[in-house]
Every structure is written in structure tokens, then in C-alpha cells.
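Step one of this worksheet: look at the structure below.
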Amino acid sequence: MFQRFKSRFTRDPSPSQKAPGQSPESVRDAGGYFRPLSAEVLLATSERGQYLRQLWENSALPAGLYQQFYLDPLRQLCARVQRVPATQEGIWSYRGGFIDLTLQFTACTVRLAKGHLLPPGVAPETQAAQSLLWQAVVFWAALFYHLLLLQQLEGELEDGHHWQPGICVPDKPFRFRFRTPENTPSVPQEALLAACLLPEKAMMWLVSVPEVWHCLMQHLNGCPSTVPLIDALLQDAAGQMQSPLLKSTEPSEPALNPVSLPATSGAAAVSDTAEDTRTLLSLFQTPE
């Protein structure tokens with residue numbers, strides 16, 4: 001059944017396309033199958049560790065919620081895509097390119113967003129009350145930004161069953177290939193993949209502010225954001241990362257300018273963040 005399919009699986013990248021710091025050990029058997037790796041192993045390189053540190057340094061979430069809302073979805077995504085490339089050609093076409101593109105793009109976007117208050121144009125007290133939630137929306141929008149690329153890939157497990165990168169963690173050795181253009185699904189799957197990755201409590205948090213939920217859903221459905229600044233941040237990061245999904249900028253599109261922070265004392269800023277954190281923590285307290 002898979003005879004013709006097997007002959008067209010992806011080959012190892014050329015030496016010039018290998019990921020920086022990539023381990024040289026063999027990960028394929030004689031049949032050309034990759035062995036599944038855990039997210040911890042996939043992320044355990046010095047370069048990927050550097051970007052994980054950037055994510056933590058630019059997050060205001062408490063450690064426990066950072067783990068649950070940021071790291072857990074990231075690790076799940078890594079385990080579900082394993083070492084697939086992001087593109088068939090170009091700078092992200094090496095083995096593991098999808099993880100590198102996603103991780104670097106997300107770290108870049110979160111860093112760019114740190115100098116802005118979201119959403120622009122609302123009362124400062126609303127921005128302060130919703131700051132952690134909007135930061136999380138930026139993180140998730142960036143983490144899910146390149147899920148569209150997974151539609152061009154398909155895989156096979158060692159026992160002959162189909163494996164779709166991004167949908168589930170392979171439980172057996174696997175291999176993959178790029179689909180031909182005529183066989184690439186036309187129905188977007190990004191919203192489904194994102195829904196599988198978002199923790200239930202994260203969804204509860206999102207729907208607590210309908211404007212926030214709507215904003216993220218717009219991103220996942222490929223529509224312009226209800227908060228244009230977030231689109232601008234993503235576009236800026238896409239340019240810096242040379243993303244294959246980089247959109248051409250229209251001449252009439254306003255430039256991304258830093259948003260001036262309101263004049264507040266350091267004590268007031270700490271108070272706002274502390275109140276936001278207490279509200280978030282209380283939302284997820286469960287009775288013993």
C-alpha cells in the first residue's frame with residue numbers, strides 16, 4: 001500500500017542545512033525510520049535552551065502558570081512534530097527546522113511585545129487588569145503561527161499506519177515526506193491543532209474576556225486581528241526570522257511604533273501586576 005509512498009520520504013538534509021548544534025548521532029534505522037524523541041530531548045540543545053530562557057525572562061506569569069500555559073503547549077507541539085523541517089527548501093528546511101522556527105519566532109514576538117501595553121487605546125486600568133492575558137495571547141498567536149506549514153507534510157509509522165505531524169505524538173518509529181501540491185489539504189487545520197494544544201484552563205481564562213478570545217480566534221482562522229498591533233508584532237518577528245509565511249507589507253500599512261508607557265511610579269506598576277496575578281491565581285484555585 002505504501003510502496004510508492006515509501007520511496008518518496010524526505011532525505012537527510014545536506015550538511016549546510018543542518019541545525020546549529022545538532023547532534024551527529026544516527027536517528028534512523030536501516031529502513032529510514034526516525035525513532036521518536038521526547039520533548040525534553042528535542043529541546044535539550046544549547047541554542048534551544050537560550051530561546052527558552054528568553055521566553056521565561058520576558059514573561060510575567062508566575063512559574064507554575066508559565067509552566068502550564070506556555071511550556072506545556074510548547075513541549076506538546078515539539079513532541080508532535082519531532083524533527084520535521086519547516087519547509088522543503090530554504091533556511092528552515094533542515095531536520096528539526098520546524099521546532100527551531102517556532103521557538104525562535106515565539107521568543108522574538110514575546111520580546112517585541114514587552115515594550116507595548118495591550119490592547120492600545122483602552123483605559124490604563126483595563127490594560128493593567130488584562131496585561132497577563134494579552135501577553136498570553138501574543139505568546140499563543142506566535143506559537144501557533146506556523147502550524148499552517150504542517151499541512152504540507154505527511155508521515156508513516158513503522159507498522160504502516162499513517163502519522164500526521166502535529167496531530168499526535170508518534171508511538172513507533174516514523175518517517176515523513178512533503179506532499180505534492182495537488183495532494184495538500186485545502187481545509188485549514190490550524191484551529192484544530194491549536195485546540196489540541198491549549199490547556200483547558202487556558203481556554204477558561206481566554207473566554208473570561210470575550211475580546212481576547214475573539215482576537216486569538218481571528219489569528220487561528222487566518223483573519224486580520226481585532227488588535228492590529230499584534231499583527232504588526234507578528235509581522236515584525238516574521239521579517240526578523242525570515243519566516244516562509246512572511247506577508248508583503250502594503251505601502252499604506254502604518255509602521256510599528258513603540259507605545260509610550262503611562263507615567264506611573266514603580267510601586268504602582270508592581271501593584272497592578274500583583275493584582276493581575278492574584279486575580280489569575282484565584283481563577284484556578286480548586287477546592288481540596
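The values are calculated or read from the model by the stated rules, or taken from the named source; none is laboratory data. All of these numbers come straight from a predicted model, not from anything done at the bench. So basically every Cβ, Gly included, is an ideal-geometry build from the backbone, and we count neighbours across all protein chains shown. To get the accessible areas, we keep the full protein, side chains included, count just its heavy atoms, and leave off ligands, DNA and RNA. Shrake-Rupley method; radii C 1.70, N 1.55, O 1.52, S 1.80 Å.
Counting 0.36 nm for each residue step from Asp159 to Asn221 and taking away their Cα separation leaves a gain of 18.9 nm.
Looking at the square roots a ≥ b ≥ c of the eigenvalues of the Cα gyration tensor of region 111-219, which shape do they give, rounded for a/c under 1.5, prolate if a/b is larger than b/c, or oblate? Here region 111-219 falls in the prolate category.
Rolling a 1.4 Å probe over the protein heavy atoms gives region 77-171 an accessible area of 31 Å² per residue.
How would you rank 193-203, 89-99, highest first, on the average number of other Cβ atoms within 10 Å across their residues? Please report the intermediate quantities before stating the final value.
Details: 193-203: 16.1, 89-99: 20.0.
Highest mean packing first, the order is 89-99, 193-203.
R0 = 22 Å: FRET efficiency of Ala191 with Val169, Cβ-based, nearest 0.05? After rounding, the FRET efficiency stands at 0.65. Which whole-angstrom value gives the distance between the alpha carbon centres of region 199-244 and region 149-185? Their Cα centres are 27 Å away from one another.
How high is the FRET efficiency between Met203 and Glu89 when r is their beta carbon distance and R₀ equals 35 Å, given to the nearest 0.05?
Details: r = 36 Å, r/R0 = 1.04.
The value I calculate is 0.45.
What's the carbon and sulfur percent of region 104-213's accessible surface, probe 1.4 angstrom, rounded to a whole number? Percent of accessible area from carbon and sulfur atoms in region 104-213: 60.
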